[in-house]
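Have a look at the structure below before the remarks.
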Amino acid sequence: MRERRSLQVGAILRKRSVQKLSALGCLVFLMALSGELLIRYLIPAWPFDPALYVLGYLTARDIPLRWRFSPSDGRNSLGLRNREVLRKKAGVSRILFLGDSLIWSGETSSGELYTEVLEKRLNARSSSGLGALEIVNAGIPGYTTYQGLEFLKIYGLDTESERTPTSFQPGQFSGSQGRRGPASCSTMSTTNICISRIPKNFWAEA
């Protein structure tokens, strides 16, 4: 009888010990959780981080791009250092230069962007006359090849460009094919495009 009672008492004590340990574990967990939430509130971090400020000129289409420049300070409506890209006229060829700061800040000794100089020189040598070729400077500082691809899909294809040379610094590559330099090829659209593929009969031999 005493042994049975002793066993019952032991079981009750073990049960109470388990309950106390469980309660202690829950208390420690709640204290840790409270401390974590307090730290996140003070930093602040999720879920207390402030809402990201979205620039007014950005739209839902720009989400994959993360950012682009505003249409001010001489930039066009897409924030590019380029004249406004209008509907392409009949008989006009167009080249879209995609890239990062190598395209954006490609000034020459004359102060013009090298895309502007290239456009002038190619048109001067063109057998089709002035204005037969348009070059669009779509370089945006900090852009990676991923953002370049997204820009091409969102806005670039609307420019009706036949060719799209790309120029990204080595650290800006993110899985896209290509090489550094403005004459590098790109496989970012349905047409495999490279500046060296401009038809030879486009301009007259100097």
- Message: I'd like the full set of residues that are small (G, A, S), under 22 Å from the mean Cα position of the chain (by Cα) and not in a loop (DSSP other than H, G, I, E, B), limited to region 71-124.
- Response: G99, S101
- Query: From R87, R81, which residue is of a type in the set (K, R) and surrounded by 10 or more Cβ atoms within 10 Å (Cβ to Cβ)?
  - Reply: R81
- Item | Single match in A45, A32 (criterion: at pLDDT below 90 and either surrounded by 10 or more Cβ atoms within 10 Å (Cβ to Cβ) or touching a strand residue (DSSP E or B) at 6+ places or on another chain (Cβ under 6 Å) (or both)) | A45
- Filtering region 119-130 down to residues that are under 21 Å from G156 (Cβ atoms) and at pLDDT below 90 yields L122
- Of the conditions (1) crowded, with 20+ Cβ neighbours inside 10 Å; (2) at pLDDT 90 or above, T166 fails just one. Which one is it? (2)
- Message: Being of a type in the set (G, A, S) and either part of a strand (DSSP E or B) or crowded, with 21+ Cβ neighbours inside 10 Å (or both) is the requirement here; does S161 meet it?
- Response: yes
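The values are calculated or read from the model by the stated rules, or taken from the named source; none is laboratory data. Predicted, not measured: the structure shown is a model, and the values here were computed from it. All Cβ positions, even for glycine, are placed from backbone atoms using ideal geometry, and neighbour counts span all protein chains on display.
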